[in-house]
Amino acid sequence: MPNIFIASDHAGFALKSMLITHLRTLGYKVEDVGAHAHNPEDDYPDFITLCARKVAEENLHVADVARGIVIGGSGQGEAMCANRVLGIRATVFYGPMRVTGVLDIEGNPSKDGYDVVRLPRRHNNANMLSIGARFVSGEEASKAIQIFLETPFSNAPRHARRLAKF
């Protein structure tokens, strides 16, 4: 099981607290990087950058096993912040894609709308998931995290080749 680092700002604070409990119940080792109190004036880069650095540092020593979960209002700024740290590949989740015509990993119509989480893991070996707390329920976030943690990188030659170009 990967070690999980988790962080949020005020907008994701309540969801983060619920997710930490859920992940620990499933047996994951979770480190809460902050915020440790709800403060409407906090700034997400303070917590997200630290979280991303911890994931990147651990992955240097233990062959890409750490994962990060960051939570903010939309998840977009948090992913942008995390992706500035060398070695981080953060993807954004702000709800299952319920659009007709979305294809899954094999090119078939998506059955559950969570391929927006599966594909970055399988094709890009994403190591951080950024969640938009204002757009998802706790149940949707929990399912996305489960998929994120359980979906392996395909290690297909074309995807490995592309990652090497990062």
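Around residue 90, under 11 Å between beta carbons, what's the net of Lys plus Arg minus Asp minus Glu among the other residues?
+2
Just subtract the alpha-carbon distance of residue 134 and residue 108 from 0.36 nm times their residue separation and send over the number in nm, one decimal.
6.4 nm
Counting helices only, and only those DSSP H runs with n ≥ 4, report the 222 nm mean residue ellipticity of the chain as the sum of -39,500 (n - 2.57) divided by its residues, in deg cm²/dmol to the nearest 500.
-12500 deg cm²/dmol
List the lysines whose Cα lies under 21 Å from the Cα of residue 143, skipping any in the same chain that are fewer than 8 positions away.
Hits, sequence-local ones excluded: 16, 29, 111.
Between residue 5 and residues 5 or more places away or on another chain, which pairs have amide H atoms under 5 Å apart, with H built 1.01 Å from N, and which residues are they?
Hits under the 5 Å cutoff: 31, 67, 68, 69.
How do 54, 16 rank when sorted from fewest to most other Cβ atoms within 10 Å of their own Cβ?
Going from sparsest to densest Cβ surroundings: 54, 16.
Show me the ranking of peptides 27-36, 122-131 by mean Cβ neighbours inside 10 Å, starting with the highest.
Ranking, from highest mean packing down: 122-131, 27-36.
What percent of all Cα-Cα pairs in the chain falls into each 10 Å bin, going from 0 up to the bin containing the maximum distance?
The calculated distribution, bin by bin, is 11, 41, 36, 11, 1.
For residue 34, what residues show an amide H to amide H distance below 5 Å, using hydrogens built from the backbone and excluding near sequence neighbours?
Amide H to amide H, under 5 Å and 5 or more residues apart or across chains, residue 34 pairs with 8.
Each reported figure results from applying straightforward, stated rules to the coordinates on display, with no laboratory input. Every value quoted in this text rests on a predicted model; they were computed, and no experiment measured them. As a convention, Cβ positions derive from the backbone with ideal geometry for all residues, glycine included, and neighbour counts pool all protein chains shown.
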